Structure formats: structure tokens, C-alpha cells
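Quick notes on the structure that follows.
The values are calculated or read from the model by the stated rules, or taken from the named source; none is laboratory data. The shown structure was predicted, so the numbers you read here are calculated from the model rather than taken from an experiment. FYI the Cβ positions are ideal-geometry reconstructions off the backbone, even for glycines, and counts take in every protein chain you see.
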Amino acid sequence: MSNILLVGLILLLALAGGHLVKLLKVPEIVGYFFIGLFLGPSFTAILTHDTVIAMEVFSQIALGLILFSIGAIFEFGNLRKVGMRTLWLTLFIMGGTIVTVIVTLLLCGQNWQTALLLGVIATEISPIATILVLRELNSEGPLTDSITNLLALNNVGCLVVFGVAAFLVRLLGGGPESASFVGFALRETFHLLWGLLGSVALGVVLGYLLATWGGKVEEQGEVLILVLGMILIAVGATQWLGLSALITTMTLGATLINLSKESQHLFDVLGSTDPPLYAIFFVLAGAHLKLSSLAAIGLSGIGYTVARVLGKTAGAYLGAGRLGFPETVKKYLGFSLVPHAGVAIGLALQMRSILPAYAETIATVVLGSVLINEVAGPVITKLAIGKAGEIRLDHAEPFERV
Amino acid sequence: MKTTKSNHSWKYHAGILSFALLVLVAGGLYRRSLLTPNAHSQSPVLEALQTEVEQLKDDLKRDELESITETVLETAQKIAPAVVTITAGQTPEKPAGPVVTYTDYRFDAGYPVRAAVDRLLSVSGFLFDGEGRVVTSARVVRWGTKFIVTGNDRVRRSARLLGASQADGLAVLQLDQLGNLPQPLASQPEADRQPVTWAVKLGRESDGNQLVALDWFSGYAAKPAGNAALSLDVHPGSAFDGGAVVTPAGRVIGIQVPVAGQPQSAILPMERVQAIVHRVEVDSRRPPKSWIGVELQNLAPEMHDVLKVSTGVLVTEVTPDGPAFRAGLKGMDVILSLNETPVESAPALIALVQGLPPGSRLKIGVTRLGGVREVEVETVAYHPERSNQAESDQPGQPLRIRLAKNYLTGSGAVIESIEPTGQAGTASLRLGDIVVGLNGFPVETAPDASRIMRSVPSGEPQLWLIRRGAHTVCVTLKEGVTLQ
């Protein structure tokens, strides 16, 4: 089947799937995800591994777009308002997750290296799934604000801690016999720093470019071209330079919002055009996963999935309580952060090249857990936001405009 | 900046921007230096192979690969029952095969750690016909004459050596019991003979696990008419040696055999395998003949000056541990006399030795670059597996030789195919030989050889300088040779 035909099919089926699950009061991205599972190798195999890979570019663009808009959270004014408190809350939640998952996995009989790496991967929260649920519900309130503020910090934190953890495991697990220790440590440190500082630097440079150029472009269509082009350049350049697309696109958004008065229209213009990309993103995410990975998940996988949610809720409860967040945040923030996908899969797959000894276990656990979370995560997030009373009844249905 | 909403000066922005650019440039450059492999860290062999692999990757038609993957798996399943692993041993219960201790890398905490690993030496092979004949790599000859053959059913069967052709790298074993054998590969139906671009290699490891590999015959097209092709296998002890080579659709093309002295393996075509099995079977029924373990060649006039002799027969190869070897004969020796009778030609000498009963003592007069000495050799009974000659007495036909670039050491040209195949023995040229000189001119690349060849009037004998393993051999070809 031609890829263009497939894209059309994906979009329309996603729309239908989204509507269907909405009848069950389930977020529509879960519907997209089910359509993906249905089209994927587990059922009809219309989307083969090859086509999924070929369409990967859509997913990368979608991820770039969502992170670009998350970057706007780092507006200095906003940061001053929420900055330190949110940072501490993030640390509480990440710490809670890491500790709970590590302890659970050690109890399940995993070695410390696997437990540590999985503990760190567990801190990841799918930004795209979470943000799309918020958008669908058009929610507003302290919980929604906390989630958006937290997502950015949390995922940067996850990447940093993952870098450090992988570094530790490689260091303590014994490096290669012949290579000099100093050279090894130096190289590892460089990779860690490059992934962080290089990504930020790239985002800053492109952000300046976008802000300067954006000030000269008025017409809506042209603005769209400019923003989209810059995000694509950012994502593409990170692949070329071995940087983190996540941090770069986020920094791009953050730089832009802090530089340009008129930057808000650059963000707004995306809002009406990106839904098809997100639909494709989730259908592909579904097609990526195999139902069989659910069967392979095992005790550790179940432990991981449960401990992750427990860790997040416990961390959020304790942290929000101590830091004086509103009651709704304290109660429901942890549950809103359950979605787990993209970056986690990326990290799990990355293990194959950087720490192959643990890659199999980690990939099995993460893929199985992601499958559960892709379905349960958005539903739980929606329930949590509903309980917190932040759903606006007059919420717009973005897809009815498509 | 017109639209700037912060009140910072342009210096502030310039500072941030330059710092970001500096981080990007410096980091990018440093990263590049990390990614570029150190020029001195690799052997030329590895580098050459990497180049080759890169080239192959470029050539690879991924779509094609995807499209045949399922067929390949089906084929692998179909052929698997006949593919066996062979270890040395007297009885099926007691594998006694040589154990090889090699340095392997095991992964510890994600990093390769060097460790010594003991492993039962094994080769692959496959059931050739319904008579219980198994063909395999000639390496097994060094392990003795009794073997254990294990198939897909994990049943261990005892077998004995029926014969071998070292020149072709092929050994033939005979299973002791014939019950419950899977379908042999020689009786697989012949499909249409399409040119082969993909070949599936099927082998079996000593632990019984099946090995499957898909090779791309880029530049080495294995011709359906049946000449050999060099494969890209770089491990001389590869468990694939002796494995079946089939087309993705399941037609058996040949068997993977080692090339003496070369790290590559070759694919011996099925036609050749059939011929060898037939000859080995005929030989195994003959009464024993005397044998001393030398490969001989008549002296060509051009060699007289080089070797400083005017008569005699050139020893081109000596079987390790054979009687001649133990008496101190070496390749490039010239045998002048046998029991004080002057030797005129190789066939005459062979006839003389074979006419004597095993255990006879021979006095052989030998010269090596001028000095004459006499050695005493006691003949032993001829075992077919020790035979180095491969149907060496066929009348001469023009040889068609194809040369390829020598990827391993860079200089010289590798003999990639010789047609007709039966004559490799006659011509003393073998697959995998590296041609380094032709009629006194050095050969650096395959085109060099063609250029020199064009200057030789047809019908004139040619003097080939060949590097084979650690030896350099001089070979005269009387037959016309066409380079392809």
C-alpha cells in the first residue's frame, strides 16, 4: 500500500477511533493508539515495521512541536513565579519514583544496575500524551498549571539523571580492560555534557534566529512556514550532531518566548495545524508496540508499572504538601503524570548500544509497561483532572475543526 | 533587536549567542574527533574489510533483502534436518574432539572483557545422499578418522572418514548406521538455474544450534554453471565451514570450504562435490597403494635457471606429517632420482611409488638450489583422505581465470574463479591464490595481470608467481589462459 494512502487511512481511522472512545469518556489519543495497535503487526499488519520506520519522521516532528510549545513554560516571568517551588516538586516526584521503582525491582530479583536504570527511565512522563489530554479537556487551574510546569523540568531532569546513571553503571560495572580509565571517564563526561549543553546551545542559537526573523513576518501562513521550518531544522540538526531533540526544541521555545514580544503568535499558529501530526504520532506509537510484549512483561514489569505510579503519587503528595501547593495538586498531581512513552522507549532502545548487557530486560519491561500506560495513562490523567474540577465544560474539540 | 521585550543591551544578547555558538562548535569538533577512529588503531586487514562491508551496504538492496527474508527462513527450515555438526570421537556417547581454547569477549556490564573459552572443535556438514554419506570441511581430516555427526534431531551418529580432497577442502564421511536419516541434500530437486545474487549459508554449531547467514554475492557472482565464489567469511575456524550454501528458494549451490592458508572460505559448487564424493567412493574400494605425501610437478624449461637444475621433478607441496615431510622434503625441492634411478617426469615418479607395496624404503635424491642430498623415505599405505591430488590427469583445456582485488593485504590479485573447475589441480592454481608476478613482471592489481597477459603471445607458457599462505610458489601454465 502506498504510504500516502496509508497516511490518509491513518488520519481518518484515528478520527473515527477518537470519536468512538470518547463515547466511553476516554481521551481520544487512546483511540488513536488503539487504531495503531489494530493497524500494527499484532492484528492486521497493515502498518509493517518498515512503514512505521518510514513514517517516523512524522512522529519526530510531532514531538518537536509539542516540546517547542512546552518550552514556552520557561518564560522568565513565569519561572520567577513558580520556579523554585516547581523545581523542588519535580525533585520530590522524581526521587519518589526512582526510589520506589528501584526497591520494587530489587525485591523482584533484578540486579542493581537494571533496577537503577529502570528507576530513572520510570521518571519519564510522556509530554505529548499529557499535554494533548489537557488540550482536549481545555482544562484550567492549579493542577493543570503544575502539570505543564512540571513536564518540562521533569523530562530534562530525566535525561540528565539517565545520563548520570548510565555513566555510573558503566563506570562501576567495569570499563573495557585496555582503555585508560581517565580517557573513558572523560569521554563519558563529555557525552553527558554535550547532550545537555550542546542541546541548549543549539536551541538558543536557533531561538535567536527565529525571534529575529519572526519579528519581520506578519502573515499567518508565513509564520507557520517559519516556525515549522525552524523546528524541523532543530530536530534534524540534533540527529546530525548527536544531541537531544527534546532539550533543543524545548530550549528553542524557551528562547523565543523570552526574546520576542510577539512570540505568542508564533506559538498560537501551530495550535490549529498540528492535530493531524499528533494523530499520526499516536497511531504510529500503537503500531510500534506488539501485544506479545504484554505477555513477556513478567513480574518485574508489573512491579515496575505499579511502583512507578505509586512513586509518582507518593512523591507528589509529600512534595506538594510540604511546598504548600493547593489540595487538588497534592491529591491528583501524581496520577496526572502516569502517561509514559516516547522518551522512555527511546532510552530503553538506546540501552542496546550503550549497555547491551541490560538492554533486553529493560526493553521488555519498558515496552510492556508503555503498552499499559498508553492506554491507562491518559484515562487516569483525565480522571485526575476531572476530580480536581479543572475541566472546562465549554471545551473546544480541536479535531472537529480538521 | 526590535521585538525584544527584555531590556538587556545588545551586548548581553551577543554574549549569550557567542557563548552558545562556541559551545556548539567546540563540542561538535571534539565529538567529531571522538567519532573518527584513530588511524593507527586498526590493522589494514580490518580496514580493508570495513571498506568492503561499507561498499556492500551501499550495494545492498534493502527492499530485496526484506522481500526474501521469509523465503530464506522457510528454506532454512526445509534444509535444516540435513545440516549436521561434526566433532571427533570414537563413539556417539563420547565426543573426544579436539578442544580449542580461544580468547573470546564476554560482555560484562555492557563492556567486552577478554576471557579464555574452551570449546569442542566442530565443523558443519550436511547429509549428501541416501547412502549415509556426509560432506564436510576437510579440516576434520586432522582430527582422525572417527567422527560424531549430530543433526537437527540432536541424535548423535558415529561416522568414519571415507576420503577427502585437500585441494578442494572437502571431506566425505560415511555414517555407520543408516536408520531414520533426513532427506539428503543431493536429492533435493533442481530448480531453474537463475544467476545467484543472494546465498543462504546453513551450518550447525557444536552445541547443535543452527546457524543461518545470508550473503550478498556482490562482485563474486556465483555462476550457475558451477564455478566457485569467494565468500566474505573472515574466520578461518568458522563454524560455517562445511555448511550448505543454498539459494533463498532452496536450491543447493554448494558447500562452504576453507581455502588453505587464507582467512576466507570458498563455496565449492555442488557439481564438484558430486565428483569428489564419487571419486572418494571409488578410491575407498581400491587396494592400498604406497604413498609418501608430496605433490609434484614437471619442471618447465623456464624453471631450470631459477632452480639451478636441468632435470628432475618439482615438489610443489608436502603433506604435513607425511613420510616425505618427516624425511625433511620441502616445497620447491627438486627430486632428481628414486632408488638411484634418474626421475624424468611426475607421472613416472608417481607410478613408480604407487607400484611398490606400502612399507617400502625409498632413497630419494633431492636438490635445493644447487646442493644435492639423499633422503630415505618409508612409504605408507595410501589413505584416500591424505590425497592431495584432485583428478590431476585430465587433458589440458584452456583455463579461464578471474582475478579480483586483494582486499586482505592490498597487493597482488586474488584468484576468484578457475574454469573448468576440474583443472585447478593440473594447473596448480587454486582459488584464493594471490598472483604477485607474471612472466617476471610484478602484479600489484588485477588489471596489471591482464596488461601483462596481453603482451604474452598465445600458446606461450607463462610463469606465474603465486603467494599461497606463507609460501610463494612458482607455477608454469602451458595451457592457454584467458583472464576474465
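Residues in region B:294-311 that are surrounded by fewer than 16 Cβ atoms within 10 Å (Cβ to Cβ) and of a type outside the set (D, E, K, R) were compared, and the one that is nearest to B:Ala346 (Cα to Cα) is B:Thr311.
Can you tell me which residue within region A:25-77, out of those that are of a type in the set (Asp, Glu) and within 22 Å of the chain's Cα centre (by Cα), is surrounded by the most Cβ atoms within 10 Å (Cβ to Cβ)? Please lay out each step first, then the result.
So the first thing to find is which residues in region A:25-77 are of a type in the set (Asp, Glu), and the list is A:28, A:50, A:56, A:75.
Checking which are within 22 Å of the chain's Cα centre (by Cα) leaves us with A:28, A:56, A:75.
Numbers: A:Glu28: 26, A:Glu56: 12, A:Glu75: 17.
For region A:25-77, the residue satisfying everything is A:Glu28.
If A:Ile46 passes every condition in (1) within 10 Å of A:Ala287 (Cβ to Cβ); (2) in contact with a Gly (Cβ under 6 Å, 6 or more places away or on another chain) but one, which one does it miss? The number of the failed condition is (2).
Quick one: in region B:290-327, which of the residues that are part of a loop (DSSP other than H, G, I, E, B) and at pLDDT 85 or above is nearest to the chain's Cα centre (by Cα)? Among residues in region B:290-327 that are part of a loop (DSSP other than H, G, I, E, B) and at pLDDT 85 or above, the one nearest to the chain's Cα centre (by Cα) is B:Ile292.
In region A:45-55, the condition of being in contact with a Leu (Cβ under 8 Å, 6 or more places away or on another chain), among the β-branched types (Val, Ile, Thr) and modelled with pLDDT of 90 or more is met by no residue.
Among the residues making up region B:230-251, a single one is among the β-branched types (Val, Ile, Thr), at pLDDT 75 or above and part of a loop (DSSP other than H, G, I, E, B): B:Thr247.
Do we have any residue at all in region A:230-253 that's out of contact with any helix residue (DSSP H, G or I) (no Cβ under 8 Å at 6 or more places or on another chain) and among the small types (Gly, Ala, Ser)? Break it down into steps so the answer makes sense when it comes.
Step one: list which residues in region A:230-253 are out of contact with any helix residue (DSSP H, G or I) (no Cβ under 8 Å at 6 or more places or on another chain), which gives A:236, A:240.
Of the ones still in play, those that are also among the small types (Gly, Ala, Ser) are A:236.
For region A:230-253, residues out of contact with any helix residue (DSSP H, G or I) (no Cβ under 8 Å at 6 or more places or on another chain) and among the small types (Gly, Ala, Ser): present.
Of all residues in region A:24-61, which are touching an Asp or Glu at 6+ places or on another chain (Cβ under 7 Å) and in contact (Cβ under 8 Å) with a residue 60 or more places away in the chain?
Of all residues in region A:24-61, those touching an Asp or Glu at 6+ places or on another chain (Cβ under 7 Å) come to A:27-28, A:33, A:50.
Within region A:24-61, A:Pro27, A:Glu28, A:Phe33 qualify.
Taking the conditions exactly as written (more than 24 Å from A:Leu6 (Cα to Cα), assigned to a helix (DSSP H, G or I) and in contact with a Ser or Thr (Cβ under 6 Å, 6 or more places away or on another chain)), does A:Tyr317 satisfy them or not? Give the steps one after another, and end with the answer.
On the way: more than 24 Å from A:Leu6 (Cα to Cα): yes; assigned to a helix (DSSP H, G or I): yes; in contact with a Ser or Thr (Cβ under 6 Å, 6 or more places away or on another chain): no.
It is false that A:Tyr317 is more than 24 Å from A:Leu6 (Cα to Cα), assigned to a helix (DSSP H, G or I) and in contact with a Ser or Thr (Cβ under 6 Å, 6 or more places away or on another chain).
Filter region A:185-199 for residues that are facing another protein chain (nearest Cβ under 9 Å) and surrounded by fewer than 23 Cβ atoms within 10 Å (Cβ to Cβ); which is modelled with the highest pLDDT? The residue in question is A:Leu197.
B:Val372 - would you say it is crowded, with 16+ Cβ neighbours inside 10 Å and out of contact with any His (no Cβ under 6 Å at 6 or more places or on another chain)? So that I can check it myself, show each step before the final result.
Details: crowded, with 16+ Cβ neighbours inside 10 Å: no; out of contact with any His (no Cβ under 6 Å at 6 or more places or on another chain): yes.
Judged against the criteria, B:Val372 is not a match.
Could you check, for region B:171-188, whether at least one of its residues is surrounded by fewer than 16 Cβ atoms within 10 Å (Cβ to Cβ), at pLDDT 80 or above, assigned by TED's automatic domain parsing to the domain that holds B:Gly125 and closer than 19 Å to B:Ile255 by Cβ? Yes, region B:171-188 contains a residue that is surrounded by fewer than 16 Cβ atoms within 10 Å (Cβ to Cβ), at pLDDT 80 or above, assigned by TED's automatic domain parsing to the domain that holds B:Gly125 and closer than 19 Å to B:Ile255 by Cβ.
So which of B:Gly169, B:Gly151 ends up being within 22 Å of the chain's Cα centre (by Cα) and under 19 Å from B:Gly203 (Cβ atoms)? Reasoning before the result, please.
Details: B:Gly151 fails: within 22 Å of the chain's Cα centre (by Cα).
Selected residue: B:Gly169, the only one of B:Gly169, B:Gly151 that is within 22 Å of the chain's Cα centre (by Cα) and under 19 Å from B:Gly203 (Cβ atoms).
Kindly indicate whether A:Ile125 is touching a Ser or Thr at 6+ places or on another chain (Cβ under 7 Å) and either modelled with pLDDT of 85 or more or of a type in the set (D, E, K, R) (or both). Full working, then the answer.
On the way: touching a Ser or Thr at 6+ places or on another chain (Cβ under 7 Å): no; either modelled with pLDDT of 85 or more or of a type in the set (D, E, K, R) (or both): yes.
It is false that A:Ile125 is touching a Ser or Thr at 6+ places or on another chain (Cβ under 7 Å) and either modelled with pLDDT of 85 or more or of a type in the set (D, E, K, R) (or both).
Only one of these is crowded, with 16+ Cβ neighbours inside 10 Å, more than 28 Å from A:Gly36 (Cβ to Cβ) and more than 17 Å from the chain's Cα centre (by Cα): A:Leu270, A:Leu206. Name it.
On the way: A:Leu270 fails: more than 28 Å from A:Gly36 (Cβ to Cβ).
Going through A:Leu270, A:Leu206 in turn, the sole match is A:Leu206.
Evaluate region A:273-287: report whether one residue or more is buried (at least 22 other Cβ atoms within 10 Å of the Cβ), within 12 Å of chain B (Cβ to nearest Cβ) and either at pLDDT 80 or above or more than 28 Å from A:Gly368 (Cα to Cα) (or both). Looking through region A:273-287, none of the residues is buried (at least 22 other Cβ atoms within 10 Å of the Cβ), within 12 Å of chain B (Cβ to nearest Cβ) and either at pLDDT 80 or above or more than 28 Å from A:Gly368 (Cα to Cα) (or both).
Here A:Leu91 clears all of (1) modelled with pLDDT of 85 or more; (2) in contact with a Pro (Cβ under 7 Å, 6 or more places away or on another chain) except the condition numbered (2).
Search region B:312-326 for residues being surrounded by fewer than 20 Cβ atoms within 10 Å (Cβ to Cβ) and touching a helix residue (DSSP H, G or I) at 6+ places or on another chain (Cβ under 8 Å), and hand back the single one that is farthest from B:Ser290 (Cα to Cα). My answer is B:Thr319.
Scanning for something buried (at least 19 other Cβ atoms within 10 Å of the Cβ) and within 10 Å of chain B (Cβ to nearest Cβ), does region A:214-225 turn up at least one residue? There is at least one residue in region A:214-225 that is buried (at least 19 other Cβ atoms within 10 Å of the Cβ) and within 10 Å of chain B (Cβ to nearest Cβ).
What about A:Val26, is it of a type in the set (A, V, I, L, M, F, W, C) and over 27 Å from A:Gly386 (Cα atoms)? So A:Val26 fails the test.
With respect to A:Gly321, is the statement that it is without any contact (Cβ under 8 Å) to a residue 60 or more places away in the chain and more than 17 Å from the chain's Cα centre (by Cα) true? Criteria met by A:Gly321.
For beta carbons closer than 6 Å, sequence separation of 6+ or different chains, a first residue in region A:67-87 that is under 15 Å from A:Gly324 (Cβ atoms) and a second that is assigned to a helix (DSSP H, G or I) and at pLDDT 80 or above, the qualifying pairs are A:Val82/A:Asn149; A:Thr86/A:Asn149.
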